[in-house]
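The values are calculated or read from the model by the stated rules, or taken from the named source; none is laboratory data. All of these numbers come straight from a predicted model, not from anything done at the bench. With ideal geometry, Cβ positions are generated from the backbone for all residues, glycine too; neighbour counts draw on all protein chains shown.
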Amino acid sequence: MQIGGLQKITLIDYPGRIAATVFLIGCDFKCPWCYSSELVLPEKIKKQPRISQKEFFKFLKERKELLEGATICGGEPSINKDLPQFCKKIKKAGYLVKLDTNGSNPKMLKKLIDEKLIDYVAMDIKLPREKYQKILGRKIKIEDIEKSVKILKEGKVDYEFRTTVVPTILTKEDILEIAKWIRGAKKYFLQNFKPEKTIDPKFEKIKPYPQEYLLEIQKAISPFFEVCQVR
Ligand code: SF4
């Protein structure tokens, strides 16, 4: 595993906790609207400075009085076979662990939950089920994404689902489809799209949806969830 970035403090990333966010290099998806090309595209990954694990754990040790949690983000953290050991070390340092994932590795997700190595999961639902392969490519295994949804809905770990509502890719109808798929989940958040440094530069020119549109969708799908909000 390689660490390609560290946000030393965040009050918003880990719900209700003061946390740091660690960014792992590499992803099995290539969403054209992704803001993290330096962690996804091989030519950019080469140029991305690395942070050693030694440095990272030294930082956690020094900040123990201030921070409560660490978010492991990517790229896609679950592509790393040594993720369980990494989580274990963070927990041993006295931190809560939040995992951000695209849900492509249900086996890893289950292992982390069963071994109590993570305390919170934020899983991205990128698209309605039937659009994953069409938009993100044939290699995507939708069965894996579905399995991850099921695992989280069992409620063995605190979790949320979230969708970045990208204009030209997702409409109100698509979000309704997603809501029907994941209905009954504890928390579902809609995030507005930010047109900045996207993998496909075309998306940098796309205007985000007006907030009112997202609120209209949120109103329509709220009955499906315990908590449903626009972020
Ligand atoms: S948005 Fe997430 S899943 Fe998609 S390419 Fe970027 S890091 Fe990977």
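Below are the figures for this structure:
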| quantity | calculated |
| --- | --- |
| Residues that are touching a helix residue (DSSP H, G or I) at 6+ places or on another chain (Cβ under 9 Å) and part of a loop (DSSP other than H, G, I, E, B), drawn from the stretch 3-29 | 25, 26, 27, 28, 29 |
| For residue 32: the one exception among (1) more than 15 Å from the chain's Cα centre (by Cα); (2) away from the ligand (no atom under 11 Å from the Cβ); (3) in a loop (DSSP other than H, G, I, E, B) | (2) |
| Checking residue 71 against (1) of a type outside the set (A, V, I, L, M, F, W, C); (2) more than 16 Å from the ligand (Cβ to nearest atom); (3) assigned to a strand (DSSP E or B), the condition it does not meet | (2) |
| Filter result (among the charged types (D, E, K, R), closer than 16 Å to residue 75 by Cα and either at pLDDT below 95 or more than 10 Å from the ligand (Cβ to nearest atom) (or both)) within the stretch 1-29 | 13 |
| Residue that is farthest from the ligand (Cβ to nearest atom) [pool: residues in the stretch 154-180 that are free of Cβ contacts under 8 Å to residues at least 40 places away in the same chain, in a loop (DSSP other than H, G, I, E, B) and farther than 24 Å from residue 107 by Cα] | 171 |
| Failed criterion for residue 151 (all others in (1) touching a Cys at 6+ places or on another chain (Cβ under 8 Å); (2) assigned to a helix (DSSP H, G or I); (3) closer than 27 Å to residue 117 by Cβ hold) | (1) |
| Long-range neighbours under 6 Å by Cβ, at least six apart or interchain, first residue closer than 17 Å to residue 28 by Cα within the stretch 139-152, second of a type in the set (Ser, Thr, Tyr) and not in a helix (DSSP H, G or I) | 144/104 |
| Residue 117, sole failed condition from (1) touching a helix residue (DSSP H, G or I) at 6+ places or on another chain (Cβ under 6 Å); (2) away from the ligand (no atom under 14 Å from the Cβ); (3) not in a loop (DSSP other than H, G, I, E, B) | (3) |
